[in-house]
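**Q** Supplied in structure tokens, the structure appears directly below.
What follows is calculated from the coordinates using simple rules that are stated; it is not laboratory data. Computed from a prediction, not measured in an experiment: that's the story for all the values here. Glycine also receives a Cβ, built like all others from the backbone with ideal geometry; neighbour counts cover every protein chain displayed.
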């Protein structure tokens with residue numbers, strides 16, 4: 001009888017835990033919907049080869065801007081940025097393969113050029129062939145690759161702390177790996193998740209308790225996929241610096257002065273190798289779209305409209 005009672009209690013606790021998890025997810029989704037509404041964005045999807053590709057879209061009768069997020073992030077990283085963005089600009093912010101609302105498929109190849117061509121197929125399906133391209137971190141590397149592969153589609157290129165380059169100066173993130181530690185992105189628990197947030201942000205933004213728990217759990221659940229993506233992205237010996245010389249678009253490169261993921265010294269490589277590039281600095285860490293979105297918008301509008309903004 002005692003064992004039966006314990007089993008009943010255990011089932012009850014499990015059901016309660018599941019109910020609370022469902023409730024927390026609902027609260028988080030509602031808050032996210034509010035942020036999307038404030039950014040005047042709608043979640044849409046397009047199907048290619050039987051797979052659904054999710055993206056944010058905001059209509060506008062002005063120029064088209066494509067926003068590409070980074071490794072472990074999603075389309076929603078741009079919401080604060082878009083709340084300060086001109087309303088007439090059409091915006092599309094896709095989820096990359098294996099990220100956000102896209103299926104975390106462990107059977108897909110995740111090399112950089114596979115990411116670029118998947119992005120190209122999605123944008124082609126949406127009729128995008130004349131746009132300004134923005135990329136953050138991994139998205140910055142992919143945006144540069146896109147500019148090389150499909151130069152006629154781009155009006156300008158805006159790279160925010162782009163990945164792909166290493167200099168003689170190691171960031172705090174790469175120092176951990178150099179010293180034999182495990183990649184901080186491969187989180188197993190909440191403490192490790194908080195540690196990686198400390199590396200990403202110079203000033204960590206406040207995250208509500210429920211949102212913090214949901215984001216942490218989602219990150220940990222995708223750990224095997226993130227390991228696969230990381231390993232395949234880093235399996236190539238392609239010279240990214242040489243590839244950058246093929247970028248024809250007018251380019252601005254923006255870097256956080258306090259970036260602990262990708263060392264700020266990498267800025268010089270991008271601005272020297274890309275023929276028509278300027279460098280801009282922001283007083284933040286690795287994630288300007290979240291940490292200083294208004295300043296990032298100002299810098300992008302200078303490129304978009306070819307005039308200084310105050």
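**Q** Give, in nm to one decimal, the length gained when the segment between residue 170 and residue 212 is fully stretched (0.36 nm per residue of separation minus the Cα-Cα distance).
**A** On the way: separation 42, 0.36 × 42 = 15.12 nm, distance 2.88 nm.
Full-extension gain reported as 12.2 nm.
**Q** While we're looking at this one, here's another question. By per-residue mean of other Cβ atoms within 10 Å, what is the highest-first order of 22-32, 193-203, 130-140? Don't skip to the end; give the middle numbers.
**A** Values: 22-32: 13.1, 193-203: 17.6, 130-140: 25.3.
Descending packing order for the listed peptides: 130-140, 193-203, 22-32.
**Q** A follow-up question, please. Work out, in µm²/s and without decimals, the Stokes-Einstein translational diffusion coefficient of the range 62-149 at 10 °C, 1.306 mPa s, Rh from Kirkwood over C-alpha pairs. If you can, show how the numbers build up before the last one.
**A** On the way: Rh = 13.3 Å.
Using the Kirkwood radius from Cα pairs, D works out to 119 µm²/s.
**Q** Given a Förster distance of 35 angstrom, what is the FRET efficiency for residue 305 paired with residue 46, based on the Cβ-Cβ distance and rounded to 0.05? Don't jump to the answer; show the numbers that get you there.
**A** Working: r = 29 Å, r/R0 = 0.84.
Efficiency for this residue pair is about 0.75.
**Q** Can I ask one more? Let's test the formula: R0 of 22 Å, r as the Cβ-Cβ distance of residue 298 and residue 276. What FRET efficiency results, to the nearest 0.05?
**A** Working: r = 21 Å, r/R0 = 0.93.
FRET efficiency, residue 298 to residue 276: 0.60.
**Q** Residue 90 versus residue 27, label points 7 Å from Cα toward the beta carbon: distance in nm?
**A** So the two model labels end up 4.0 nm from each other.
**Q** Please report the relative contact order for the chain, taking Cα pairs under 8 Å with a sequence separation of at least 6, and give it as a percent rounded to a whole number.
**A** Numbers: 529 pairs, mean separation 52.2, N = 310.
Relative contact order of the chain: 17 percent.
**Q** Could you work out how much longer the chain between residue 148 and residue 34 gets when fully extended? Use 0.36 nm per residue separation minus the Cα distance between them, nm to one decimal.
**A** So the chain would gain 37.4 nm between residue 148 and residue 34.
**Q** Provide the descending list of Cα extents for the range 199-310 along its principal axes, expressed in whole angstroms.
**A** Computed over the Cα atoms, the extents are 43, 41, 22 Å.
**Q** While we're here: Only residues of the range 258-300 count here: report those whose backbone N is under 17 Å from the spot 7 Å along Cα→Cβ of residue 83, or say none.
**A** Of the residues in the range 258-300, 288-298 have backbone N under 17 Å from the label point off residue 83.
**Q** Another question about this same structure. Over the C-alpha atoms of the chain, what are the Rg and the largest Cα-to-Cα span, Dmax, in Å?
**A** 20.3, 78
**Q** Please give the per residue volume of the convex hull enclosing the alpha carbon atoms of the range 77-128, rounded to a whole number of Å³.
**A** Numbers: hull volume 5.1 nm³, N = 52.
Measuring per residue, one finds 98 Å³ for the Cα hull of the range 77-128.
**Q** State, to one decimal in nm, how far the label point of residue 191 lies from the label point of residue 178, with both points 7 Å from Cα in the Cβ direction.
**A** 2.6
**Q** What 222 nm value per residue comes from the helices of the chain, counting each DSSP H run with n ≥ 4 as -39,500 (n - 2.57) and dividing by all residues, nearest 500 deg cm²/dmol?
**A** On the way: 12 runs with 139 residues, N = 310.
Here the helix-only value at 222 nm equals -14000 deg cm²/dmol.
**Q** While we're here: What ranking of 243, 97 emerges when the number of other C-beta atoms within 10 Å of each C-beta is taken as an exposure proxy, fewest first? Provide the component values of the computation, followed by the final result.
**A** Working: 243 18, 97 22.
Listing 243, 97 from fewest to most nearby Cβ atoms yields 243, 97.
**Q** Same structure, new question: Calculate the FRET efficiency for residue 223 and residue 61 from the Cβ-Cβ distance with a Förster distance of 41 Å, rounded to the nearest 0.05. Provide the component values of the computation, followed by the final result.
**A** On the way: r = 43 Å, r/R0 = 1.04.
That pair, residue 223 with residue 61, gives E of 0.45.
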